[in-house]
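A.B. asks: I'd like to ask you about the structure that follows.
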Amino acid sequence: MTIPSETKILLGIGALTISLIIGAVVLFSRPATPVTKEQLIPKSAYTKGDINAKTMLVEFSDFQCPACKAYQSVVDDILKTNGAQIYFVYRNFPLPQHTFGGAAAEAAEAAGKQGKYWEMHDLLFARQEDMSDTLWMELAKELKLDEVQFTTDMKSQAVKDKIANDKADGVALGINSTPTFFLNGIKMPPMSLEEFKQKVIDTAGKQ
């Protein structure tokens, strides 16, 4: 029996469609390839915990982002109870819609030049609703920083370049929102605060 050409075409299309579906299933069922430590953590990054810990949590964040503030308290809780098992890294990703996100990152980096990065990090989130062009100096005074050096460092090209490099790395990794976390090199999907906390703790406990 001769198969009409139209039927052959339809059969060919069907076979191709099935092949594409099977290929897609195989592709998306593969475990994600972790991003390397070298790609995620530049030498200049601010970190907490043991660099040799087997669990690595990297956050790309914006100091003016309300969701980032919510996650910050959860990350603090995790590190208080599991800090010895986790290496935590904070990276800047100020979003364009946040008027003061970039300046807040500059304030944190400038404080870091005087050994007060994490203190400024915590104050910026605590005073998130008060962000303005005058807040940075208020916090610098609260932390007893050298105000002249702080102002100079905030405006420095080195600080601006570091933040820009963080942002560029984030964009290259497909980040378009904050906070975005990588757990042992795998980008974490959106989840509730409780689910996030449990996932990180469970991962640390298995290492």
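The values are calculated or read from the model by the stated rules, or taken from the named source; none is laboratory data. Bear in mind that the values here come from a model prediction, so they are computed numbers and not experimental data. Note that each Cβ is placed from the backbone with ideal geometry, even for glycine, and that neighbours are counted across all protein chains shown. Remember, those area values only see protein heavy atoms, side chains included, never the ligands or the DNA or RNA. Shrake-Rupley method; radii C 1.70, N 1.55, O 1.52, S 1.80 Å.
A.B. asks: So, restricting to helices (runs of 4 or more DSSP H) that lie completely within the range 117-207, which ones have at least 1 residues that are over 29 Å from ILE51 (Cα atoms)?
C.D. replies: On the way: elements: 117-126, 135-142, 147-155, 157-172, 193-206.
Output list reads 135-142, 147-155.
A.B. asks: Continuing with this model, one more query. Given the options GLY83, GLY112, name the one that is closer than 23 Å to LYS48 by Cα and at pLDDT below 95. Outline the logic, then answer.
C.D. replies: Working: GLY112 fails: at pLDDT below 95.
Of the residues listed, the single one that is closer than 23 Å to LYS48 by Cα and at pLDDT below 95 is GLY83.
A.B. asks: In the range 76-116, which residues are farther than 19 Å from ILE163 by Cα and in a strand (DSSP E or B)?
C.D. replies: Pass one, the range 76-116, residues farther than 19 Å from ILE163 by Cα: 76-87.
The answer is ILE86, TYR87.
A.B. asks: Moving on. Output the number of residues of the range 53-69 satisfying the condition of being surrounded by 16 or more Cβ atoms within 10 Å (Cβ to Cβ) and of a type in the set (Gly, Ala, Ser).
C.D. replies: Within the range 53-69, the first condition is being surrounded by 16 or more Cβ atoms within 10 Å (Cβ to Cβ), and the residues that meet it are 53, 55-65, 68-69.
Going one step further and asking which of them are of a type in the set (Gly, Ala, Ser), we end up with 53, 61.
Number satisfying all stated conditions: 2.
A.B. asks: Still on this structure, please answer the following. Considering only the range 163-175, state which residues are open to solvent by 50 Å² or more (accessible area, probe 1.4 Å) and touching a Leu at 6+ places or on another chain (Cβ under 9 Å).
C.D. replies: The first filter runs over the range 163-175 and keeps only residues open to solvent by 50 Å² or more (accessible area, probe 1.4 Å), leaving 164-165, 167-169, 171-172.
Scanning the range 163-175 gives a single hit, ASP169.
A.B. asks: Moving on to the next point. Taking the conditions exactly as written (within 18 Å of the chain's Cα centre (by Cα) and open to solvent by less than 50 Å² (accessible area, probe 1.4 Å)), does ILE78 satisfy them or not? Let's see the steps before the verdict.
C.D. replies: Numbers: within 18 Å of the chain's Cα centre (by Cα): yes; open to solvent by less than 50 Å² (accessible area, probe 1.4 Å): yes.
So ILE78 passes the test.
A.B. asks: Go through LYS116, LYS187, LYS197, LYS160 for me and flag whichever is open to solvent by 30 Å² or more (accessible area, probe 1.4 Å), touching a Leu at 6+ places or on another chain (Cβ under 6 Å) and touching a residue at least 12 places away in the same chain (Cβ under 8 Å). Give the steps one after another, and end with the answer.
C.D. replies: Values: LYS187 fails: touching a Leu at 6+ places or on another chain (Cβ under 6 Å); LYS197 fails: touching a Leu at 6+ places or on another chain (Cβ under 6 Å); LYS160 fails: touching a Leu at 6+ places or on another chain (Cβ under 6 Å).
After ruling out the rest, the residue left standing is LYS116.
A.B. asks: Something else: For the range 8-36, name all the residues that are modelled with pLDDT of 60 or more and open to solvent by less than 80 Å² (accessible area, probe 1.4 Å).
C.D. replies: Our first condition is that a residue be modelled with pLDDT of 60 or more; within the range 8-36, this holds for 9, 13, 32-36.
Matches in the range 8-36: ALA32, PRO34, VAL35, THR36.
A.B. asks: Here is a follow-up. Can GLN72 be described as buried (at least 17 other Cβ atoms within 10 Å of the Cβ), closer than 22 Å to LYS162 by Cβ and in contact with a helix residue (DSSP H, G or I) (Cβ under 6 Å, 6 or more places away or on another chain)?
C.D. replies: Spelling it out, GLN72 is indeed buried (at least 17 other Cβ atoms within 10 Å of the Cβ), closer than 22 Å to LYS162 by Cβ and in contact with a helix residue (DSSP H, G or I) (Cβ under 6 Å, 6 or more places away or on another chain).
A.B. asks: With the condition kept exactly as written, say whether any residue in the range 142-157 is open to solvent by less than 10 Å² (accessible area, probe 1.4 Å) and either within 18 Å of the chain's Cα centre (by Cα) or of a type in the set (Phe, Trp, Tyr) (or both). Please lay out each step first, then the result.
C.D. replies: We begin by selecting, within the range 142-157, every residue open to solvent by less than 10 Å² (accessible area, probe 1.4 Å); these are 150.
Subset that is either within 18 Å of the chain's Cα centre (by Cα) or of a type in the set (Phe, Trp, Tyr) (or both): 150.
There is at least one residue in the range 142-157 that is open to solvent by less than 10 Å² (accessible area, probe 1.4 Å) and either within 18 Å of the chain's Cα centre (by Cα) or of a type in the set (Phe, Trp, Tyr) (or both).
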